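Some notes on the structure that comes next.
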Amino acid sequence: QLQLVESGGGLVQPGGSLRLSCAASGFRSGDYSIGWFRQAPGKEREGVSCISSSGGSSNYADSVKGRFTISRDNAKNTVYLQMNSLKAEDTGVYYCAARYYTCSEYVSAMNYWGKGTLVTVSS
């Protein structure tokens, strides 16, 4: 069974930090790139960041560059998204998704999805 489970979401004040985790099971982590996507109320799901299957490369949406960092620990089958200097605009449901083999910013290109974790940035 292929499964992705997000955790770490919650309520945080603007300027604060949060680390999200994506635990994968049922497939070899080294075969899949993992992307983080988010969806704010009333908006389309958008790509936030993606890390290659090996962890050797990554990319970020312009809106989060310099603030978010993606990483992975294939031995633990886990991908992380460290979010710093959070803004109200970062609020939304964050999803991790897997794609064989290379990164993609497109929702339609992803093969497997987690159910999401809610991040709320508010004072």
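The values are calculated or read from the model by the stated rules, or taken from the named source; none is laboratory data. The shown structure was predicted, so the numbers you read here are calculated from the model rather than taken from an experiment. Just so you know, the surface numbers come from the protein's heavy atoms only, side chains and all, with ligands and any DNA or RNA stripped out. Shrake-Rupley method; radii C 1.70, N 1.55, O 1.52, S 1.80 Å.
Filter segment 28-85 down to the residues that are farther than 18 Å from Tyr112 by Cα, not in a loop (DSSP other than H, G, I, E, B) and not aliphatic (A, V, I, L, M), then identify the one that is least open to solvent (accessible area, probe 1.4 Å). Residue satisfying both the conditions and the ranking: Phe68.
Can you pull out every residue in segment 88-107 that is open to solvent by 50 Å² or more (accessible area, probe 1.4 Å) and either within 14 Å of Arg38 (Cα to Cα) or part of a strand (DSSP E or B) (or both)? Result: Ala88, Glu89, Arg99, Glu105, Tyr106, Val107.
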